[in-house]
Amino acid sequence: MSQEQQNLSPVEKIKLASDGLRGTLKESLQEQLTGALYEDDQALVKFHGMYQQDDRDRREERSAKKLEWLYSYMVRLRLPGGFITAEQWEGLHHIAGQHSTGVIKITTRQTIQLHGILKNHVKPTLQDFHTAGLDSISACGDVNRNVICSSHPKQSPVHEQVFAYADKLSQLGLPKTRAYYEIWLDEAPLTNKKEEEDPLYQDRYLPRKFKMAIAIPPNNDVDVFANDLALIAIIENNELKGFNIAAGGGLGATHGNANTYPRLATMLGFCDTEEKVLKAAYEIITIQRDFGNRSDRKFSRLKYTIDKMGVEAFKAELEKRCGFELEAPRPYVFTERVDYFGWQQNHEGKWYYTVFAENGRVMDTETLPLKTALLEVSKTRKANFRFTANQKLILSDILEEDKAVINEILERYGIRQHTENASSMRRNAIACVAMNTCPLALAEGQRYLPTLIGKIEPLLEKYKLGDDAITVRMTGCPNGCGRSYIAEIGFVGTSYGHYNLHIGGDREGTRLNTKYKEGIDEETILKELDSLLSLYSRKRKKKETFGDFVIREKIIS
């Protein structure tokens, strides 16, 4: 046993003593003197798809009055590939209104989360989700999280075949414990505990979260290399030949700790059958389970395991566990990283409309009744709902004869105008939740980025760059939930109102950016971008992107 295995972190000890992730959650829920869970249960509840949070806007006020912080819970759904039916969306709409803030949040993991759920509403929320055929199992915690996949069926005639792998991988990575069903759905405990023995996670689970993504070239809409496990579909003559497999991506870091870093996944090889693909994915998880750092969570993601072992040693261990060798990676090309806004038609003749929901927030405002419009769409039962990994929503699988009905709703509520009039930069931007609920946030994210983009857009017009889809992303801390490190322009929060400015990612999502300025405020951000965009407009080559330009000009090295 290694030294780091002997010196387990507190979270590791909690998992081992948790009785299959049960802990004392039942007792915590019944404690009415506090809105919080017992301390150990705050770690365990993540495995059930939720986080304990508080309203950070009201901390100071409540502390001054000697009141407990205003605790609530964020619940995140497990939606492999980001698909739900119209019936499920209608149910989600009402669950959000009854139990949460009412805002439906589309995440960068291609799923939905609800915020502001009080402790006595958590169990009813999960039971209502269950009634709608939805669950939050493994949406958070040190397990395989929501599996994401290229979202638009227009992407390829074999999209459905590729998309099916999201559910297969999700099922592969589900914990065997029945704790979720016992605690939240009141199912009777198993009489024979051997039935929930878990050969994948054992009683340790993983050292940290594990993320999978599936991309269909030429569109890298899922930022596939930012994931622990990256699958790239190899399609020839409209036939799925298999998947290139890469591993070790992850964008989280810690300010001031140079030993932590964002990393893109390393290509390992190619698998040509479903059996081999699933076996390789399974064994990559087991290697991380057995070799990952369990003493310091800052270094416990798969990227650090691979870098510590070395890529060749990691690949050799993988092939040993799989019982077969990976083939050489097959050729592929990424040429874009986009959501297809507006009306699109796929090979079957079905129609799809991608809606711009800024930073994934679905709600009604005085000027845009988005939530109401989508409820009305759902009630027609003429469209399914798909989510992109860029916080957008696709009204999908619409028959030709039903397109006019959906289009009328979109136009009546101003959704088409809102979507099609937004600037390219605004439509492609991503921000994490950050303030006021994320406990890790150092600065604003989704509440501030729309305002900042509103101040950048005049600069784009000034330099005739209004149609340039420069990728902009913002995170309130260095953990990377908004994938700032893989944007052409990335903002990483350092303190309230201050951000590190990163530039130089490529538009296809295959290159990390570089920190350009540290801890700067809005005035300085706009000044720096004014200068950079001026240079870009004057000196760029034909079709050259902003990220490629700042590297060619050696603005960053």
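The values are calculated or read from the model by the stated rules, or taken from the named source; none is laboratory data. Remember, predicted model here, so these are calculated numbers, not experimental data. Cβ sites come from the backbone with ideal geometry, for glycine too, and all protein chains shown count toward neighbours.
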(request) Look at GLY480 and say whether it is farther than 30 Å from ILE216 by Cα and either outside any helix (DSSP H, G or I) or free of Cβ contacts under 8 Å to residues at least 40 places away in the same chain (or both). (result) no
(message) Please pick out the residue among GLY133, GLY81, GLY102 that is at pLDDT 95 or above, of a type outside the set (Lys, Arg) and crowded, with 17+ Cβ neighbours inside 10 Å.
(response) GLY81
(request) Would you list the helices (runs of 4 or more DSSP H) that sit entirely within the stretch 43-133 and hold 3 or more residues that are of a type in the set (A, V, I, L, M, F, W, C)? (result) 86-99, 119-131
(message) Scan the stretch 262-280 and tell me whether some residue there is in contact with a helix residue (DSSP H, G or I) (Cβ under 6 Å, 6 or more places away or on another chain) and aromatic (Phe, Trp, Tyr).
(response) no
(request) Give me a count of the residues in the stretch 492-524 that are in contact with a Lys or Arg (Cβ under 8 Å, 6 or more places away or on another chain) and either part of a helix (DSSP H, G or I) or among the charged types (D, E, K, R) (or both). (result) 4
(message) I want to confirm something. Restricting to the stretch 316-341 and keeping residues that are among the basic types (Lys, Arg) and surrounded by fewer than 19 Cβ atoms within 10 Å (Cβ to Cβ), which single residue is nearest to the chain's Cα centre (by Cα)?
(response) ARG330
(message) I'm trying to understand the selection: among the residues of the stretch 219-249, which are touching an Asp or Glu at 6+ places or on another chain (Cβ under 6 Å) and surrounded by fewer than 24 Cβ atoms within 10 Å (Cβ to Cβ)?
(response) ASN219, GLY242
(message) Of everything in the stretch 343-393, what is β-branched (Val, Ile, Thr) and either surrounded by fewer than 21 Cβ atoms within 10 Å (Cβ to Cβ) or over 23 Å from ARG109 (Cα atoms) (or both)? Give them in sequence order.
(response) THR365, THR367, THR372, VAL377, THR380
(message) Cβ-Cβ distance below 6 Å, separation of 6 or more or different chains: which pairs start in the stretch 189-212 with a residue that is over 18 Å from LYS15 (Cα atoms) and without any contact (Cβ under 8 Å) to a residue 12 or more places away in the chain and end on one that is outside any loop (DSSP other than H, G, I, E, B) and among the acidic types (Asp, Glu)?
(response) PRO189/GLU182
(message) For the stretch 17-40: of the residues being within 14 Å of ARG178 (Cα to Cα) and aliphatic (A, V, I, L, M), which is surrounded by the fewest Cβ atoms within 10 Å (Cβ to Cβ)?
(response) LEU25
(request) Name the single residue, out of those in the stretch 177-193 being part of a loop (DSSP other than H, G, I, E, B) and surrounded by 14 or more Cβ atoms within 10 Å (Cβ to Cβ), that is modelled with the lowest pLDDT. (result) LEU190
(message) Just to be sure I understand, how many residues within the stretch 23-35 are within 18 Å of CYS140 (Cα to Cα) and small (Gly, Ala, Ser)?
(response) 1
(request) Could you tell me whether LYS541 is in a loop (DSSP other than H, G, I, E, B), over 25 Å from ASN220 (Cα atoms) and of a type in the set (D, E, K, R)? (result) no
(request) State which residue is farthest from VAL224 (Cα to Cα) when the search covers only the stretch 148-172 and only residues that are of a type in the set (Gly, Ala, Ser) and part of a loop (DSSP other than H, G, I, E, B). (result) SER156
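On the given criteria, is GLN110 of a type outside the set (D, E, K, R), surrounded by 22 or more Cβ atoms within 10 Å (Cβ to Cβ) and at pLDDT 95 or above?
yes
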(request) Specify the residue that is surrounded by the most Cβ atoms within 10 Å (Cβ to Cβ); the eligible residues are those in the stretch 506-549 that are without any contact (Cβ under 8 Å) to a residue 60 or more places away in the chain, among the aliphatic types (A, V, I, L, M) and under 22 Å from GLY493 (Cβ atoms). (result) LEU532
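If you take the residues in the stretch 244-259 that are without any contact (Cβ under 8 Å) to a residue 40 or more places away in the chain and either aromatic (Phe, Trp, Tyr) or in a loop (DSSP other than H, G, I, E, B) (or both), which one is nearest to PHE334 (Cα to Cα)? Show your work before the answer.
Keep residues of the stretch 244-259 that are without any contact (Cβ under 8 Å) to a residue 40 or more places away in the chain, which gives 246, 256, 258.
The next check asks that each one be either aromatic (Phe, Trp, Tyr) or in a loop (DSSP other than H, G, I, E, B) (or both); those that pass are 256, 258.
Details: GLY256: 33, ALA258: 30 Å.
The extreme case among them is ALA258.
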